[in-house]
Amino acid sequence: MLTCARHVALTVSGRNRWRSVMRRALFVLIGFLLVAPPGALAQLTTGTISGTVKDDSGGVLPGVTVTLRHVETGVSRTLVTEAHGRYEVPSLALGAYDVRAELSGFRPMVRSGIRLTVGRHAVVDFVLAIGALDEVVTVVREAALIETTSATVSNLIDSQRVEELPLNNRDLTQLVYLQPGVMKVPRSGGSAARGMGDTITVAGARGTTNLFMLDGVANSDLSGNPQGAMGAYVGAETIQEFQIITNNYSAEYRSQPGGIISAVTKSGTNTVHGSAFWSHRGKELDSPNYFDDRFDVEQPDFTRNQYGGSLGGPIVRDRTFFFASFEGLRERRGLSSTIRVPTMEARQGILPGGVVVPVAPAVRPYLDFYPVPGDGNTIVDDLGDGTVQVAGPENRPIDGEYFLGKVDHSLSGGSRLAATYNYDAARRQHLGLLQRTGTASSGTGDGEGDASTKHVVSIKHTSVWSPTLVNELSLGYSSTKPEGQIPLNPLDFSGLVFLPHRELMGELSVSGVSSLGFRTILDASGQKIFTIQNGLSWTRGDHSLRIGAEVNPMRLLQQGCARGCNGIYTFDSLEDFLQAAPSRFQAMLPEGDTPTRNLSQLFFGAYAQDNWSVRPDLTLNLGLRYEFVTVPKEKDGRTASLRHYTDTEVTVGPLFGNATVKSFSPRVGFAWAPGSRKTSVRGGFGIYYEHPSLYHARTTLQELPPFTQVGSVRQRDMRVPLRFPDAYTTQLDLLSAEVNVRSMQYDMKNMHGYRWSLMLQRELPAQWVLSVGYTGSTYRNLLIQSIGHLNRWEGYPEQPEGPKFFPEDAERINPAWADMRLQHPSATADYHGLTLGVQKRLSRGFDAQFSYSYSKAMDQGSGVTSGGDNFFQGQRTVQGFWDLPLDRGLAAFDIRNNFTANFTYELPFGENLTGMAGVLGKGWRVNGILMLSDGFPLSVFGATSEAEDRVGDGDGLRADLVPGGDNNPVLGGVDQYFDPSQFAPTTPGYFGTAGRNTLITAGLATFDLGLSKAFSMFGAGRALQVRAEIFNLFNRANFGSPDTSIILSDGRPNATVGQIDTTRTTARQIQLGLRFVF
């Protein structure tokens, strides 16, 4: 019998008791949130200053009055040192501080030049000499540059680097890639359900497990990504600081397996300040793409304008301040792409080899949708199989707007109130070679568009109850709605639709030919998150104690149907298509045509954290966090699950059982900074959870009977021909006989990971800092999606010792369903990484950062669904349900070596020039970003229809490796990147013998350069900056992924195997801009 736990029905005894206990606990904890004094939570928007005051003999001084004054606003906080001479002031607003220490009989001392950044714990010590109170000693010196009190590993990007570095598309996500241990996830593009821009992986975690925050409130969509349809994380004009936390989070931070990226917005000050900017790119300034020249196509049109500004200042001096910003984008971008279409001979039924077939009259109008080779496009290659590869332009216009407003109000005693509102909206279109007739993939296709709308509200009240007791209340609201696959003025498909009640033609999938048609109507996931955070911070002796909790009610409105919405016809060959002989038809059935869902879920978390200063040079970070989430609940009860794999019907009810009620997350760390505090050794360990969320359930709801039913019929199972294009109206009974099903394993397991790290930091002369670190992690019970509709193998249900064999005409294991796509928490992942970082803090007009990572990430599936992260290849496989060890391999985001560098340098010449020479000679600045990385891994596929039918499906069915073959036979070049002779077609009846993710793609190298000149002739504090930015300065062609299918469905060799026809980055682009600051 099958022994895997996911194949066993859930035993629910004991769960009801847990639910009752947790229900009561929830009410108690919510009550605590509402009535307890609000306190300092994780320092996602604030910082801390602490230190020790001693006399000149080394003795500690209790009772010293310490006053911290915020330079820009004049707001101050005062306290006295305790018995051991220590003081600590948490939850401070960011910015420059003067810190004053005074005690009767001693000379007062002022430490100025202390800049507090987000999440920073600045140590500011004092040594007071005997003297009079009017003999003030002022020292201008920054606090220690290295972290000496916390094991948390983080990096900070300040507003100067945000404003000065050449960020392509002004995308803040690029700043995250510059940090050690952070990798850019290789993706084939963005989509509404999977993130509309680039994503990151931190310490081997999936790209959907990061937490992006804006002023302490969630700032990402359902997929965990902050970008909208502009394709970028915008707001560069708005950000004061940008913190990336990559390891050893305090218990104050949510239990995220990935990174925490916290952006803090600028605030108004006592001085009115602001900016205005405009930047422009155009075709006339750019180099053609590598494939523009190779395919002999005209360089596509390109125009891009970004503009905006900011304004901040006082409403009431020293008390109330405002800040506002706006950014706009208007882009008209073209790029060259290729598709495969039938030759003119094939359209007449004349195929290679002298084969002549009659073209069915029903096929003719659909055949005419394919572009005529050479008419409005360029013929790249006649592939010799009845198809030709053509190239031509795609147009992708984008319009977007971004607005932020913020008000800060200072209360008495150092308390303050802050409120932020952010709006981000954009629209983009895709108009290409298929002339508004659909797509060649399941993403946004030709004649479709994307849109996004985001609202974020943050309200934070900080109250100083006493010098050692600080309270904070945070309320937040985040609303995101990414929309994809929106039809844009489609053609009139009258008489050509596959479902008579639809307006769009369904999808045509022909082996060896670019598909066309509309798979869906709309894909939208509107998410709303409400946030209530409260906590308490208490400094007592050597202990800094923090306790707190948060509640996040979440709502999701899912709109849009999946595959089969408009019908999908599959043809195994061009010859079959010409003869109107489909191999399969799928369509949404009338009794299950309810694609809209309205779901809710509740997240709760509570923590206790003690940062214990054991000795002046040793701090222990001891924390415990508890979290749980409820199971997503649909408003009208439209959820169900397949309780056992062999069930012939779903069970209406919860999607899965709740496995999160025991999610305890200990966090342990240390920081040792001996002697002069110029060296620190830090390390820690923590347990982190990925809770089943609305994002994980989204794909299951798209084909979950009885509410959403997609029928499927295959020609091989029929005694009569499958009709085209009217099977829906003439063979509905056959279509309804078997429906597809997607389900999540009901006996859910808690997805969790263990992470540990060790970090050495050393402060070097001239404000250089060296960091060397190691991070390891292992994850268990990760959700993946696998194919369940396999045929019975020889010896079923026993697992054979050798290769599994599927005999001919074997019955499916569960014949009640057509397609079965099952999500189950069975995958594991492991990561080991070494990092090296060198950073130069700004001095003498120069700062720089260098980051290097050497790592290896292994897993059994890198996403929760096939296309969950928009990888270059799907993650769903036929092996994953019963033979998961066969899928163990490099993660889709494994990049072995990664190096980044960035710098800004104010050129030193012209400092002493005056007059016009000074106007022209001074104020020049150069900056740049360098990125070098290895390629990412891919699998090689080689299954024919026969091989797929023998197993039951072809998802992830890899090719065979020839005896003695090389599983990474890279040749290089775009014509034949790898040697396909090292692989053979999958042997029918067996899984392929080639491993998962063994072929490594080409690496990436790009250098972006910026040059600017500031004209400071408009009065004090005013300057006009003229900028020129060159992206991909050396015009390197960073090639995309090759075609990795060695064979077509009908057994013919794939003529384009090993070929590359795209680049991952643009060719050289030049951007000109102006920026005025005051």
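Taken together, the values in this text are just the output of simple stated rules run on the coordinates, not laboratory data. Just so it is clear, the structure is predicted and the values come from calculations on it, not from any experiment. Using ideal geometry, Cβ is built from the backbone for each residue, glycine included, and neighbour counts are taken over all protein chains shown.
Nearest 0.05, what FRET efficiency do Glu591 and Ser981 give at R0 = 51 Å with Cβ-Cβ as r?
Details: r = 51 Å, r/R0 = 0.99.
About 0.50, to the nearest 0.05.
I'd like to compare 884-892, 843-851, 250-258: which one has the highest average count of other Cβ atoms within 10 Å, and what's the full order after that? Kindly include the intermediate steps, with their values, before the conclusion.
Details: 884-892: 20.3, 843-851: 16.6, 250-258: 24.0.
Listed from highest to lowest mean packing, they are 250-258, 884-892, 843-851.
Please work out how much length the chain gains when fully extended from Ala419 to Leu1074, using 0.36 nm per residue of separation minus the C-alpha to C-alpha distance, in nm with one decimal.
Working: separation 655, 0.36 × 655 = 235.80 nm, distance 3.04 nm.
Length gained between Ala419 and Leu1074: 232.8 nm.
Each residue of region 292-303 in turn: what ³J(HN,Hα) in whole Hz from Karplus with 6.51, -1.76, 1.60 and θ = phi - 60°, glycine and Pro shown as x?
Those phi angles translate into 4, 6, 5, 8, 6, 10, 5, 4, x, 5, 7, 9 Hz.
R0 = 51 Å: FRET efficiency of Leu920 with Glu401, Cβ-based, nearest 0.05?
Values: r = 37 Å, r/R0 = 0.72.
After rounding, the FRET efficiency stands at 0.90.
Tell me, what is the percent relative contact order of region 908-1041, built from C-alpha pairs under 8 Å that lie six or more residues apart?
Details: 250 pairs, mean separation 39.0, N = 134.
The normalised contact order for region 908-1041 reaches 29 percent.
May I ask you to derive the relative contact order of region 47-140, considering only C-alpha pairs under 8 Å and at least 6 residues apart, and to give it as an integer percent? Walk me through the numbers on the way to the answer.
Values: 244 pairs, mean separation 32.4, N = 94.
Normalised by residue count, the contact order of region 47-140 is 35 percent.
Give me D for region 702-748 in µm² s⁻¹, whole number, from Stokes-Einstein with Rh from the Kirkwood sum over alpha-carbon pairs, 20 °C and 1.002 mPa s.
Values: Rh = 12.1 Å.
In µm²/s, the coefficient rounds to 177.
Collect residues whose amide H, placed 1.01 Å from N in the peptide plane, falls under 5 Å from the amide H of Ser583; neighbours closer than 5 in sequence don't count.
Amide H neighbours of Ser583: Thr570, Phe571, Asp572.
Can you run phi through the Karplus equation (6.51, -1.76, 1.60; θ = phi - 60°) for region 640-648 and list ³J(HN,Hα) in whole Hz, with x for Gly and Pro?
With coefficients 6.51, -1.76 and 1.60, one gets 7, 7, 8, 5, 9, 4, 8, 4, 9 Hz.
Relative to the present Cα-Cα distance, how much length would full extension add between Ser494 and Val962 at 0.36 nm per residue of separation? Write down the numbers at each step before the final one.
Details: separation 468, 0.36 × 468 = 168.48 nm, distance 5.01 nm.
Result for the pair: 163.5 nm of gain on full extension.
Can you compute the label reach from Thr271? Point 7 Å from Cα along the Cβ direction, backbone N cut-off under 18 Å, restricted to region 50-74.
69-74
For region 215-238 and region 570-642, what is the centre-to-centre distance using only Cα atoms, to the nearest Å?
Taking the Cα centre of region 570-642 as reference, the centre of region 215-238 is 20 Å away.
So what is Rg over Rh here for region 47-140, counting just Cα atoms and using Kirkwood for Rh?
Values: Rg = 12.5 Å, Rh = 13.1 Å.
Rg/Rh: 0.95.
In Å and on Cα atoms, what radius of gyration and Dmax does region 247-295 show?
Both quantities, over Cα of region 247-295: 22.3, 59 Å.
Please give the FRET efficiency for Glu649 paired with His832, using the beta carbon to beta carbon distance and R0 = 51 Å, rounded to the nearest 0.05.
0.65
Using each residue's phi in region 233-241, evaluate 6.51 cos²θ - 1.76 cosθ + 1.60 at θ = phi - 60° and report the 3J(HN,Hα) Karplus result to the nearest Hz, with x for Gly and Pro.
8, 8, x, 4, 6, 9, 7, 8, 8
Ignoring everything except DSSP H segments at least 4 long, calculate the 222 nm mean residue ellipticity for the chain; use -39,500 (n - 2.57) per segment, divide by total residues, nearest 500.
Working: 11 runs with 76 residues, N = 1078.
Helices in the chain give a 222 nm mean residue ellipticity of -1500 deg cm²/dmol.
Please check which bits of region 757-792 a label hung off Phe899 would reach, taking the label as a point 7 Å along Cα-to-C-beta and the cut-off as backbone N under 19 Å.
769-773
What are the semi-axes of the equivalent ellipsoid for region 212-367, taken as the square roots of 5 times the Cα gyration tensor eigenvalues, largest first, in whole Å?
Working: eigenvalues 545, 116, 41 Å².
Output for region 212-367: semi-axes of 52, 24, 14 Å.
Helix 15-35 versus the longest principal axis of the chain: what angle, 0 to 90°, nearest 10, using Cα atoms?
For helix 15-35, the angle is close to 40 degrees.
So for the chain, averaging the separation of alpha carbon pairs under 8 Å that are six or more residues apart and normalising by length, what relative contact order in percent results?
10 percent
With N set to the number of residues, divide the alpha-carbon radius of gyration of the chain by 2.2 N^0.38 Å and report two decimals. Show your work: numbers first, answer last.
Working: Rg = 30.7 Å, N = 1078, 2.2 N^0.38 = 31.2 Å.
Here the answer is 0.98, to two decimals.
For the pair Leu156/Ser104, report the inter-label distance in nm, with labels modelled 7 Å from Cα in the Cβ direction.
3.7 nm
Given labels modelled 7 Å from the Cα in the Cβ direction, how far is it in nm from Arg555 to Glu394?
With each label point 7 Å from Cα toward Cβ, the separation is 3.5 nm.
Go through 663-669, 508-514 and give me the packing order, highest mean Cβ count within 10 Å leading. Walk me through the numbers on the way to the answer.
Values: 663-669: 18.9, 508-514: 23.7.
Order by mean packing, descending: 508-514, 663-669.
What's the local net charge at Ser757, with K and R +1, D and E -1, over the other residues with C-beta under 13 Å away? Working shown, then result.
Values: positive: Arg667, Arg682, Arg755; negative: Glu147.
So the environment of Ser757 carries a net charge of +2.
More than 21 angstrom separation, counting every C-alpha pair in region 856-988; what % is that?
Numbers: 5346 of 8778 pairs.
In whole percent, the long-distance tail amounts to 61.
Give, in nm to one decimal, the length gained when the segment between Trp768 and Glu811 is fully stretched (0.36 nm per residue of separation minus the Cα-Cα distance). Can you show the working numbers first?
Details: separation 43, 0.36 × 43 = 15.48 nm, distance 6.77 nm.
8.7 nm is the gain from fully extending Trp768 to Glu811.
Can you list residues whose amide H is under 5 Å from Gly131's amide H, if they're 5+ apart or on another chain and H is modeled 1.01 Å from N?
Result for Gly131 returns Phe106, Arg107.
Please list 638-645, 616-623 highest first by mean number of surrounding beta-carbon atoms within 10 Å per residue. Please list the in-between numbers first.
Values: 638-645: 21.4, 616-623: 19.4.
Going from most to least packed, we get 638-645, 616-623.
Give the Rg/Rh ratio for region 511-554, taking Rg as the radius of gyration of the Cα atoms and Rh as the Kirkwood radius, to two decimals. The partial results should precede the final answer.
Values: Rg = 24.8 Å, Rh = 16.0 Å.
Checking Rg against Rh, the ratio lands at 1.55.
Lys and Arg at +1, Asp and Glu at -1: add these up for the other residues within a Cβ distance under 15 Å of Asp1061 and post the number.
Working: positive: Arg294, Arg340, Arg1064; negative: Asp292, Asp293, Asp296, Asp381, Glu394, Asp975, Asp1043.
Local net charge: -4.
Testing the spin-label approximation: label points 7 Å from Cα along Cα→Cβ at Thr778 and Leu383. State their distance in nm.
4.5 nm
Hull surface divided by four, with the convex hull built on the Cα atoms of region 682-798: how many nm²?
Working: hull surface 60.8 nm².
Across all orientations, region 682-798 yields a mean hull projection of 15.2 nm².
If you bin every alpha carbon distance in region 636-701 into 10 Å steps from zero, what whole percent lands in each bin?
15, 27, 20, 14, 12, 8, 3, 0
About its Cα centre, what dipole magnitude does the chain give when the only charges are +1 on Lys and Arg Cβ and -1 on Asp and Glu Cβ, stated in debye to the nearest 20?
Numbers: 99 positive and 105 negative charges, 766 e Å.
That gives a dipole near 3680 debye.
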